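Scroll down for the structure; my scribbles are underneath it.
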Amino acid sequence: MISPNEAHMPHVRKRLFVGLLAASLFVVGLLAFTIWYLLYHPTTLLHQVILVSTVVLIIVGVVIVAFGVGGIVLTIWLAQTIKPLQPLIRVAMTTLFPFAIGLGKVFHIDGDKIKNSFISVNNELVRTNPLQLRPEQVLLLAPHCIQENTCPYKVTNDTNNCRRCGKCKVSDLLALRDRYGIRVGVATGGTLARKLVKEYRPRAIVAIACERDLASGIQDCSPIPVLGVLNDRPFGPCFNTSVYTPGVTDAIEFFIGNQNHGKGEEKKH
Ligand code: SF4
């Protein structure tokens with residue numbers, strides 16, 4: 001995730017999520033061992049076969065996820081994609097996320113902090129696999145709360161309804177669309193966001209949202225690479241939110257390269 005605060009604690013954020021993933025894995029492994037230990041006194045052969053098969057399945061699952069967690073750590077450490085581990089990394093990120101949130105609750109770690117960490121890990125993983133896409137293959141998705149609350153123009157139907165008065169960041173996002181030639185959508189929620197993804201069929205997404213929506217959106221869109229940019233919420237959640245435009249620009253340029261694909265507007269942040 002890219003925000004003005006990025007510079008302060010990026011490593012702590014990544015460590016938190018990866019640490020919780022590893023801890024979740026340990027808990028699941030311990031659980032499997034406990035089941036094995038407590039139940040390994042079956043009375044019949046069939047009973048024994050069922051029990052052993054169940055435990056073997058759990059162990060196989062744990063091993064797959066362990067390879068996924070290993071893949072996450074290796075990818076970040078080497079700063080390079082390890083292609084064969086990609087599916088396992090996806091499985092680990094998806095299956096262990098709820099465990100990490102649950103474990104965070106036990107240790108009284110704020111859920112947003114864990115989601116923040118998840119987004120940082122995701123962004124790091126995406127950035128280890130440089131892509132060179134055409135601008136129209138990139139979708140910039142923004143939440144509806146980024147629009148100025150009193151604005152009478154409905155930009156969720158058509159972003160061109162925006163009069164670009166500059167009162168909110170929608171005008172900046174449209175300037176980015178014009179400069180780079182990417183697609184832009186403003187969504188009122190997950191359903192509309194999914195509809196836009198279905199309609200545009202992007203090869204990559206730059207998503208602006210809060211921790212909760214980014215974390216779920218990244219998982220929903222998998223395997224499409226998503227770079228998440230956290231929105232700023234000076235008036236609280238879901239109301240007149242904003243975004244750090246250079247962070248969005250940086251994410252767009254990661255996918256399409258630092259080229260001016262648009263109508264020749266001078267680049268300004
Ligand atoms: S920039 Fe566009 S969306 Fe924002 S307040 Fe002005 S007209 Fe409305």
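Some observations on this one:
- Counting only residues that are within 13 Å of the chain's Cα centre (by Cα) and not basic (Lys, Arg), region 113-161 holds 13 of them.
- Of everything in region 180-200 that is within 16 Å of the ligand (Cβ to nearest atom) and not hydrophobic (A, V, I, L, M, F, W, C), the residue that is farthest from Ala215 (Cα to Cα) is Gly185.
- Evaluation of Leu227 against the conditions (1) within 16 Å of the ligand (Cβ to nearest atom); (2) open to solvent by less than 20 Å² (accessible area, probe 1.4 Å); (3) closer than 26 Å to Phe17 by Cα shows that the sole unmet condition is (1).
- Against the criterion of being over 16 Å from Leu230 (Cβ atoms), in contact with a helix residue (DSSP H, G or I) (Cβ under 7 Å, 6 or more places away or on another chain), within 16 Å of the ligand (Cβ to nearest atom) and hydrophobic (A, V, I, L, M, F, W, C), Val138 does not qualify.
- Qualifying positions in region 149-160 - near the ligand (Cβ under 8 Å from one of its atoms) and loosely packed, with under 15 Cβ neighbours inside 10 Å: Thr150, Pro152
- Residue list for region 205-220, filter: open to solvent by 20 Å² or more (accessible area, probe 1.4 Å) and under 20 Å from Gln147 (Cα atoms): Cys210, Arg212, Asp213, Gly217
- When Leu133 is tested against the conditions (1) open to solvent by 20 Å² or more (accessible area, probe 1.4 Å); (2) assigned to a loop (DSSP other than H, G, I, E, B), the lone failure is (1).
The values are calculated or read from the model by the stated rules, or taken from the named source; none is laboratory data. Quantities reported herein were computed from a predicted structural model and do not represent experimental measurements. Cβ: placed from backbone, ideal geometry, glycine included. Neighbour counts: every protein chain shown. These area figures cover heavy atoms from the full protein model, side chains too; ligands, DNA and RNA do not enter into them. Shrake-Rupley method; radii C 1.70, N 1.55, O 1.52, S 1.80 Å.
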